Amino acid sequence: MSEANPSKKRGGHAYGRRSQQMSNTAEEGELCLYIGHSLGRFSSSSMRYDSHQACVRCVAGAREGRLSFDINRLLVKERKRALKFWSQVEIGDPDECWNWNGTVNSRTGQPQFAWRRHGISSSTQHHPQRVAMWFTWGDLGYTGVKTTCGNRLCCNPFHLIPQKVGVFVDHESFSESFELQCELHTLRQRVAEYIMEEALKAEEKEMRSAMEDELKADLLLNPDTDFTDKFASVLADMLKGDHISQQTPGDTSLNYNPIDNEDDEKPTQEF
Ligand SMILES: [Zn+2]
Ligand SMILES: [Zn+2]
């Protein structure tokens, strides 16, 4: 089957196949981003259509028009990445465009999100619209994605349609879905929390490096060379792992034994 081999025609880029029809044959592939989409409970692979490496279960969901903003449906290790991604998107109302605020390649002018996805694509940068599709429509591999709004920076999943999958799109039911509104509300909250956490982390890092700089400056300016020498020797010991604080007590015979046996008339030293 010709589709089973990655196309080399377009610069060896797997995305060259995005305009082709989805195959109907599946193979064991990379583990899907979503919980419960592995082959078995403890399996680390998922069934994927061999043409686009789209998860079979995600394709089934997309075909039914299922779309979700629930981060908790993702594998635990992917949730932070999803938050990182959404923190760079201007999440607006369902009928608005959600512009990408993240990296734009200075050479190609293309918006991009860094992510190494082994077995899915050799590219380490992905179009944010594709990533938005992965985090909402499903892990559809390198299935093509088009916007209904024509805005190439828009990451609103309601404006994104996975191509050649046969997705069911009902915009009215999306905008009226209470469940989706709740999910969107939760996503916004979690993104805000994530941004706050990251800001605190950055601040802490900055403070620590400022303190280190201050300490270094103090040492350089300190006329008490004795102190500097001591500090240097402690540091050298620490680096070698020889410092007293890093040693484990080995010989306990030298330690004072606080347990005093009163019944023992003869001191043990005398024999
Ligand atoms: Zn899946
Ligand atoms: Zn849009």
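The values are calculated or read from the model by the stated rules, or taken from the named source; none is laboratory data. Owing to the predicted nature of the structure, the values given are computational and were not obtained by experimental measurement. Cβ coordinates were reconstructed from backbone atoms using ideal geometry, including for glycine residues, and neighbour counts include every protein chain displayed. Side chains are part of the model used for accessible areas, which takes the heavy atoms of the whole protein and leaves out ligands, DNA and RNA. Shrake-Rupley method; radii C 1.70, N 1.55, O 1.52, S 1.80 Å.
Taking the residues in region 100-126 that are open to solvent by 50 Å² or more (accessible area, probe 1.4 Å) and part of a strand (DSSP E or B) as candidates, determine which candidate is farthest from ligand 2 (Cβ to nearest atom). Here the residue is Ala114.
Among the residues of region 128-143, is there at least one that is over 14 Å from Ala62 (Cβ atoms), away from ligand 1 (no atom under 16 Å from the Cβ), touching a Phe, Trp or Tyr at 6+ places or on another chain (Cβ under 9 Å) and at pLDDT 95 or above? Yes.
Looking only at residues in region 22-71 that are crowded, with 22+ Cβ neighbours inside 10 Å and among the small types (Gly, Ala, Ser), the one that is nearest to ligand 1 (Cβ to nearest atom) is Ser46.
Exactly one residue among Glu198, Glu212, Glu204, Glu193 is open to solvent by 90 Å² or more (accessible area, probe 1.4 Å), within 15 Å of Gln88 (Cα to Cα), among the acidic types (Asp, Glu) and assigned to a helix (DSSP H, G or I), and that residue is Glu193. Taken together, the residues in region 143-164 that are crowded, with 23+ Cβ neighbours inside 10 Å and away from ligand 2 (no atom under 16 Å from the Cβ) amount to 1.
Residues in region 168-180 that are open to solvent by 30 Å² or more (accessible area, probe 1.4 Å), away from ligand 2 (no atom under 16 Å from the Cβ) and touching a residue at least 12 places away in the same chain (Cβ under 8 Å): Phe168, Asp170, Ser173. Is there a residue in region 157-164 that is among the charged types (D, E, K, R), within 17 Å of Ser68 (Cα to Cα) and touching a Gly at 6+ places or on another chain (Cβ under 7 Å)? Among the residues of region 157-164, not one is among the charged types (D, E, K, R), within 17 Å of Ser68 (Cα to Cα) and touching a Gly at 6+ places or on another chain (Cβ under 7 Å), which makes the answer no.
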